[in-house]
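Notes follow the structure.
The values are calculated or read from the model by the stated rules, or taken from the named source; none is laboratory data. This one's a predicted model, so the numbers in the text were calculated from it and none came from an experiment. All Cβ positions, even for glycine, are placed from backbone atoms using ideal geometry, and neighbour counts span all protein chains on display. Side chains are part of the model used for accessible areas, which takes the heavy atoms of the whole protein and leaves out ligands, DNA and RNA. Shrake-Rupley method; radii C 1.70, N 1.55, O 1.52, S 1.80 Å.
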Amino acid sequence: MRYHAHHRTTTQPGEGTQVSFQIRGHRHTENTARSLGGSAAGGALAALENTDRAVEGGAASASESAPAPLGAVTDSAILDFLIIVLGFGLCRAWIVFCLGAPLVLPAASPTHWVYLAAGALCALLVALVCRSGGPVVVRVRGLLFKITPFALLASGTLIPLAVALNSEVLMVCGFVTGGMGAGPLQVLWGDRFAHHSVQFAAFASPAAAVVTAMVSALSSSHTSFVGFTAIPLLSFALLAFHAHRTGHPWATLFGKPGAAAARGATDGEAVGSAEAPESRAAAESGDAARRKRAVPLGVGKLMFSIMIFSLLCRMFDTMNTGADPLAALGGSAIFALVVVGVAFFAIVARVRDRFNPTFIYRLSLPIMVAGYVAIALLFDSHAAFSLLIINVGYEFFDILTWVLFVDAARRRRGGGLYIFGLGVAFMFCGMALGNAASHVVGALVVVGDLQANVLAMAAILCLVIVAFLVLPEGTVAQLSESLREGRRESHEERAKTADGDAEAAAENEGETQEESSGEGRIESHCAAVARDFGLTPRESEVIVLLAYGRTLAIIARDLHIAQGTARTHIENIYRKLDVHKQQELIDLVESHESM
């Protein structure tokens, strides 16, 4: 829901543009997203504009009431979308490059599962440390931002060097350091996803898959060196930039751990909350209770399922010894990623807020089963075609899993690192087991001790067990709780909007003028306070937003300044006015008369 706000601008020398707001959010909403809803692009834009930030500093609760020009919010949401799509796409493309390294150095093929095992262990460690939540999450996030780039750089150096020197030992070392960077990098990107709505993730995840496919298709004996070194570092740079934009300034991420924890713990409190002490105590006790809960059973089943699906899909990787008919397009796996990414995005854009994860789940399972049936019947003549079908079904489930992880992380406040740590650990574990098993079963199939059709039927049996006993459709529906709540809220907002529009049409011009005069009175009082207490021009802008009840994060966003800068202005205002809470400042402004 976008609040309708009239605003006027005044310019002061050296201070840019000062924005004064006249809020009428209870009766009017922007209809831009609705008017664009008739097309796929409009659906995507509507999802971007309605993105719900879940910043741990506590600013999310006030973000809905924060007025801002339509164009500014839209541009910011689109920029966030592009950063996440490109950055996460590059992250997964780099993983594809690393797993494809044995194609350049065949001697390292039996050991490249070490890359996935190292990534799984690192991601699991992050999840276990962040299980309790609280300030430890801030410290772990800062530590990951400090360590991960060194792991990426070490891997980007060792793997190309191993290829150049034909050294299996260096390749294993590169795999270990690469896994130590890949696991945390994916977890950190998952944490970024969790700062947005589930519908945002439903658009961004398939779009990132297309980016992954496009970048991976560029792989060759020359571009792979760029992939090993430049791509992961570029992905990390975009990650840090997005974190800086969404409430985690660089000073907190790359500064001292103690300072980062202290700053992260006070984000949203520096402004001085106007909530009653009883309400804050109740919220804190509720947060503590939520943090103590273990992973919901449905989420655990989802993680186990993605591990099994990854194992079954990767187990057949080395069995395709024939020519790939889609080699000119980057290979069957790359083609499947493009097809699924485009199809998933089109489905979400078509149904928008009516997106149902169970539909994707119903689509992915039969496709995978069809692929294994094709292996059982046509493995000798159409192995590549069979694997293409399997990859299509798996990619549907993989993208859906990432969206459901976002849903679970948002329901567990501050649980992005925890949920995605477990998710990445299970996914990498399944891929590692599948890669290791592929060498064993592949050798047995070659010598004739094991038939490919028997292996395919065993895989089908595993899928059936998962579909009916481990992760039935009802469990998937329960996992999409936030999507259902979002649909209910959307319907309620539409009803309220219709009532509000009718009520607004019935209002007379005198009431509107009275409302405007009330807003103008607050701004005139702020101007008087700024003049009488010697506030700077920038502090004069900040005090207006404080008087309207804005939080630290919203003030920084509306004035296009860093949160640290906004915090400094707020502290200076409190000191000059001799107040300690935002409510005290509001009372002073309302009662102040010009001297």
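Gain in length, CYS462 to ARG575, computed as 0.36 nm per residue apart minus the alpha-carbon separation, to one decimal in nm?
Here the segment from CYS462 to ARG575 would lengthen by 34.1 nm.
Can you order the peptides 152-158, 576-582 by their average number of other Cβ atoms within 10 Å per residue, highest first? Write down the numbers at each step before the final one.
On the way: 152-158: 21.3, 576-582: 15.3.
Per-residue Cβ counts within 10 Å, averaged per peptide and sorted highest first, yield 152-158, 576-582.
Using only Cα atoms, figure out Rg for segment 520-591 and give it as a multiple of 2.2 N^0.38 Å.
Compared with the compact-globule rule of thumb, segment 520-591 sits at 0.98.
Whenever you get a sec, compute what percent of the accessible area on segment 520-591 sits on carbon and sulfur atoms (1.4 Å probe).
Numbers: 1540 of 2940 Å².
Whole-percent figure for carbon plus sulfur exposure: 52.
Under unit Cβ charges (Lys, Arg +1; Asp, Glu -1), what dipole magnitude, rounded to 20 debye, does segment 520-591 have relative to its Cα centre?
200
With all protein chains present and a 1.4 Å probe, how do ASP75, ASP317 order by accessible area, largest first?
ASP75, ASP317
Using 7 Å Cα-to-Cβ label points, what is the ARG245/HIS592 separation (nm, one decimal)?
Label-label distance for ARG245 and HIS592, simple model: 3.5 nm.
Using the Cβ atoms and a cut-off under 15 Å, what net charge is assigned to the surroundings of LEU116, where Lys and Arg are +1 and Asp and Glu are -1?
For residues surrounding LEU116, the net value is 0.
Would you mind counting up the charge near VAL441? Only other residues with Cβ under 13 Å from its Cβ, with Lys and Arg at +1 and Asp and Glu at -1.
Net local charge, VAL441 excluded: -1.
If you stretched the chain out fully between ARG521 and LEU161, how much longer would it get, using 0.36 nm times the residue separation minus the C-alpha to C-alpha distance?
122.7 nm
Quick check on segment 116-173: take the gyration tensor over C-alpha atoms, sort the square-rooted eigenvalues as a ≥ b ≥ c, and tell me if it's rounded (a/c under 1.5), prolate or oblate.
Judged from the Cα gyration tensor, segment 116-173 comes out oblate (a/c at least 1.5, b/c at or above a/b).
If you count only protein heavy atoms with a 1.4 Å probe, what accessible area per residue comes out for segment 520-591, rounded to a whole Å²?
For segment 520-591, the per-residue accessible area is 41 Å².
Can you sort HIS525, HIS560, HIS195 by solvent-accessible area, 1.4 Å probe, largest first?
HIS560, HIS525, HIS195
Please compute the volume of the convex hull spanned by the alpha-carbon atoms of segment 366-448 and report it per residue in Å³. Walk me through the numbers before you get to the answer.
Numbers: hull volume 7.0 nm³, N = 83.
Enclosed volume per residue, from the Cα hull, is 84 Å³.
Expressed as a rounded percentage, what relative contact order does segment 520-591 have, with Cα pairs under 8 Å and six or more residues apart?
Relative contact order of segment 520-591: 37 percent.
What is the dipole size for segment 355-459, taken about its Cα centre, with +1 at each Lys and Arg Cβ and -1 at each Asp and Glu Cβ, in debye to the nearest 20?
Numbers: 5 positive and 5 negative charges, 128 e Å.
Charge dipole, segment 355-459, about its Cα centre: 620 debye, nearest 20.
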